[in-house]
Amino acid sequence: MNKRIALVTGGIGGLGTAHCRALRDQGRIVVATYRPGTEERARAWQEERHGEGYEIHICPLDVSDYDSCKACVERIEQELGPVDILINNAGITRDRTMKKMTREEWDAVIEVDLSGAWNITRQVFPGMLERGWGRIVNISSINAQKGQFGQVNYSAAKAGLHGFTKALAREGARKGVTVNTISPGYIDTAMTRAVPKEIMEKIIEEIPVGHIGKPEDIARTVAFLTADEADYITGANFSINGGHHMF
Ligand code: CAA
């Protein structure tokens, strides 16, 4: 069944773009979301993908806003059909040590990285249960698993995301809906490029394979977990980090 619809939150970003390509390669209809107010950038992104031979739909979405999630999914349902595959990929950082972090920086990360996954999943999960098929992949982080200096907000939100995965996996298990987590290590995107160079150099020294990863290293597992055949994998957490954190 190839005409399944996949929704990738934060789809026009570094990891999101790779997820979109991988899902299209599997024959899915793909919708990438972009933050409201960045439509021009999103259209240019869509043109670029078109130039590569990838036809991808776009939809404005603020995952931290429940009504925005509702409107986005309603629009997709009207124009294309129900969402069968959801990649909870949207995420932000507000890195700062605890002693300096503001309440706004804590809230912003929790609202996007954790509540955002709830807001959008709430729109599509009941339909997946009814239709007896669904795939949800939550993009967490190595820093949820090992903790990272200067990231109490991000590490907490991303660790919460795997708790969300495990509980939801139980609710979907008998209805054909799988829910899994991917925990990427340091991957070459705008998010990691924002880390100061000298700190990044130290981080790379800790990675056994000796370099950071590519978005495609993560997208490959997104495609694997959302495949029709992947119906016995649920509630799992896949670490893809070049050996940076093993347990
Ligand atoms: N462990 C222990 N101590 C550390 C440390 C570490 N890893 N890093 C810094 N310190 C110490 C410093 O030596 C310094 O000590 P002194 O005060 O004794 O001199 C002190 O901590 C600095 O503290 P500050 O509060 O002044 O911190 P800062 O303003 O210099 O920087 C920070 C804080 C912005 C968080 C900076 O450390 C940073 O950017 N760290 C990287 C965070 C990171 O890895 N982010 C990942 C982004 S990518 C991502 O998140 C994607 C993904 O999923 C992997």
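Comparing 191, 32, 76 along the charge dipole axis of the chain, the residue lying farthest to the positive side is 191, per the Cβ-charge model. For residue 166, a cut-off of 16 angstrom between C-alpha atoms picks up these lysines, skipping any fewer than 8 places away in its own chain: 158, 175. Considering only 154, 34, 66, the mean-square fluctuation computed in a Gaussian network model of the chain, springs between alpha carbons under 10 angstrom, is largest for 66. The figure for residue 133 is an accessible area of roughly 40 square angstrom, using a 1.4 Å probe on the protein chains alone. In region 5-235, a dipole from Cβ-located charges (positive for Lys and Arg, negative for Asp and Glu) runs towards its positive end, and of 230, 141, 128 it is 141 whose Cα lies farthest in that direction.
All other residues with a Cβ under 10 Å from the Cβ of residue 187 taken together, and with Lys, Arg as +1 and Asp, Glu as -1, what is their net charge? Don't skip to the answer; put the middle values down first.
Working: positive: 214; negative: 188, 216, 217.
Counting the neighbours of residue 187, the net charge comes to -2.
What is the diffusion coefficient of region 25-94 in µm²/s, taking the Kirkwood radius over Cα pairs and the Stokes-Einstein relation at 20 °C with a viscosity of 1.002 mPa s? Diffusion coefficient, whole number: 163 µm²/s. Rolling a 1.4 Å sphere over the protein heavy atoms, what is the accessible area per residue of region 5-235, to the nearest Å²? With all protein chains present, region 5-235 gives 48 Å² per residue. Residues 239, 155 ordered from highest to lowest accessible area at a 1.4 Å probe: 239, 155.
Shape index of the chain: Rg/Rh, with Rg the Cα radius of gyration and Rh the Kirkwood radius from the inverse mean 1/r over Cα pairs, equals 0.95. In the assembled protein chains, residue 64 presents an accessible area of approximately 40 Å² (probe radius 1.4 Å).
Using the rule -39500 (n - 2.57) for each DSSP H run of four or more residues, divided by the residues of the chain, the 222 nm mean residue ellipticity is -14000 deg cm²/dmol.
Computing the accessible area with a 1.4 Å probe over protein heavy atoms, can you report the carbon and sulfur percentage for region 5-235? Carbon and sulfur atoms account for 51 percent of the accessible area of region 5-235.
How far apart, in nanometres, would the label points at residue 39 and residue 98 be if each is projected 7 angstrom from Cα along the Cα-to-Cβ direction? The answer from the label model is 4.4 nm. When nucleic acids and ligands are ignored and a 1.4 Å probe is applied, residue 98 ends up with an accessible area of around 140 Å².
The values are calculated or read from the model by the stated rules, or taken from the named source; none is laboratory data. Note that this is a predicted model, so its numbers are computed, not measured. Cβ coordinates were reconstructed from backbone atoms using ideal geometry, including for glycine residues, and neighbour counts include every protein chain displayed. The area values use the complete protein model at the heavy-atom level, side chains included, leaving out ligands, DNA and RNA. Shrake-Rupley method; radii C 1.70, N 1.55, O 1.52, S 1.80 Å.
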